[in-house]
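Written below as structure tokens is the structure these notes are about.
Every read-out reported here was derived from the displayed coordinates using simple, explicitly stated rules and does not represent laboratory data. Every value quoted in this text rests on a predicted model; they were computed, and no experiment measured them. With ideal geometry, Cβ positions are generated from the backbone for all residues, glycine too; neighbour counts draw on all protein chains shown.
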Amino acid sequence: MDLNAFWVLVERSAAETSCQDRRLEWLAAALPSPQEAVEFALRLDEVRRRVDTWAHWQAAEVICGGLCGDDGFFYFQAWLVGQGRAVFESVAASPDALAELPHVRLLASRGGVHAWADDDWPAWEGLDYVAAEAFGGDLEPELVARGLRVLVSPEPAGPQWDFSDPVEISARVPRLGALFGKVA
């Protein structure tokens with residue numbers, strides 16, 4: 001499975017149903033062989049690494065009202081993949097592009113995370129397990145046997161800064177900061 005085929009599957013799952021659980025079922029069924037499942041896991045890891053940066057974590061932190069730890073950011077990355085290739089590419093190039101997403105704008109309009117329903121959170125934990133489900137069990141031994149490794153938690157590169165500093169937010173994600181009232 002190449003990167004184009006990966007994105008076709010992700011986007012087709014969204015066309016089939018908007019429910020995350022149904023999308024996962026669809027994706028698992030669309031991976032007909034153990035090899036396809038392994039390839040899906042590798043492509044997911046490949047694209048996820050492109051948004052595994054401190055800048056993207058800060059953007060997620062702004063959106064999630066400061067409640068975006070390791071797991072939350074990891075699931076946020078998967079949610080971002082689930083938005084499709086065009087959105088993903090836009091946000092990979094500039095985390096501040098998240099301010100343009102209708103779902104993110106809706107979250108901002110709700111007045112804080114305390115007003116969000118569970119399904120509102122920009123997270124898709126289940127995407128991390130779809131390849132293993134299609135594979136029929138734990139993928140880790142197969143990946144190790146091939147000399148491969150996929151992320152199981154964030155490993156952002158580059159220097160870290162104070163995510164809550166309004167000056168940093170203004171400099172790095174100004175549109176998101178303004179949308180969520182976090183700029184100086």
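Net charge of the neighbourhood of Arg48, taken over other residues with C-beta under 11 Å away and scored Lys/Arg +1, Asp/Glu -1, is -2. Is the stretch 114-166 best put as rounded, prolate or oblate by its Cα gyration tensor, with a ≥ b ≥ c the root eigenvalues, rounded for a/c under 1.5, and otherwise prolate when a/b is larger than b/c, oblate when not? Note, shape of the stretch 114-166 comes out oblate.
Farthest towards the positive end of the charge dipole of the stretch 10-57, among the residues Cys19, Gln35, Val47, is the Cα of Val47, using unit charges on the Cβ of Lys, Arg, Asp and Glu. The ranking of His114, His103 by Cβ neighbour count inside 10 Å, starting from the fewest, reads His114, His103.
Just how large is the dipole of the chain about the Cα centre, in debye to the nearest 20, putting +1 at every Lys and Arg Cβ and -1 at every Asp and Glu Cβ? Provide the component values of the computation, followed by the final result.
Numbers: 15 positive and 29 negative charges, 121 e Å.
Roughly 580 debye, rounded to the nearest 20.
With a cut-off of 15 Å between beta carbons, the residues surrounding Ala29 carry a summed charge of -2, where Lys and Arg count +1 and Asp and Glu -1. Of the residues Ser94, Ser164, Ser18, the one that moves most in a GNM of the chain with alpha-carbon contacts below 10 Å is Ser18.
Taking 4.7 Å between beta carbons as the limit, the unpaired Cys residues of the chain are Cys19.
Give me Arg175, Arg105 ranked fewest to most by other Cβ atoms within 10 Å of their Cβ, as a rough exposure proxy. Mind showing how you got there, number by number?
Values: Arg175 16, Arg105 12.
If I rank by nearby Cβ atoms, fewest first, I get Arg105, Arg175.
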